[in-house]
1. Relative to the longest principal Cα axis of the chain, at what angle does helix 3-20 sit, 0 to 90 degrees, rounded to 10?
2. Roll a 1.4 angstrom probe over the protein heavy atoms and tell me the percent of accessible area of the chain that is carbon or sulfur.
3. How large are Rg and Dmax for the chain when only the alpha carbon atoms are used, in Å?
4. For the pair ILE55/LYS31, report the inter-label distance in nm, with labels modelled 7 Å from Cα in the Cβ direction.
5. Taking 0.36 nm per intervening residue step and subtracting the Cα-Cα distance, what contour gain separates ARG46 from SER20 on full extension?
6. If you roll a 1.4 Å probe over the heavy atoms of the protein chains, what accessible area per residue do you get for the chain, in Å²?
Amino acid sequence: MNREQLAIKFGERLRESRLSKNMSQTELAAKIKLTPQWVSNIENGRRCPDLLTYIKIQAHFIHDLLEGFF
């Protein structure tokens with residue numbers, strides 16, 4: 001899986017997780033100290049989060065966003 005495919009897959013998982021918690025992009029962005037636009041870019045595969053951002057995202061969701069990648 002290349003970086004672009006990984007970013008797209010991660011974004012899809014993030015969106016699914018966020019919606020399953022009935023959370024808006026704005027709410028998630030506030031919790032992880034990003035802008036809603038940045039969350040949107042991650043969800044749409046235009047940005048791949050750095051390690052610190054990934055850890056912040058993981059802190060807000062119980063399940064592993066990478067489940068099913070391998």
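The values are calculated or read from the model by the stated rules, or taken from the named source; none is laboratory data. Since we're looking at a predicted model, the values are computed, not measured. Backbone-built Cβ (ideal geometry, glycine too); neighbour counts: all protein chains shown. The accessibility values were calculated without ligands, DNA or RNA, using every heavy atom of the protein model including side chains. Shrake-Rupley method; radii C 1.70, N 1.55, O 1.52, S 1.80 Å.
1. The answer is roughly 40 degrees.
2. Carbon and sulfur together cover 54 percent of it.
3. 11.0, 31
4. My value for the distance between the label points is 1.8 nm.
5. Result: 7.2 nm gained on full extension.
6. 66
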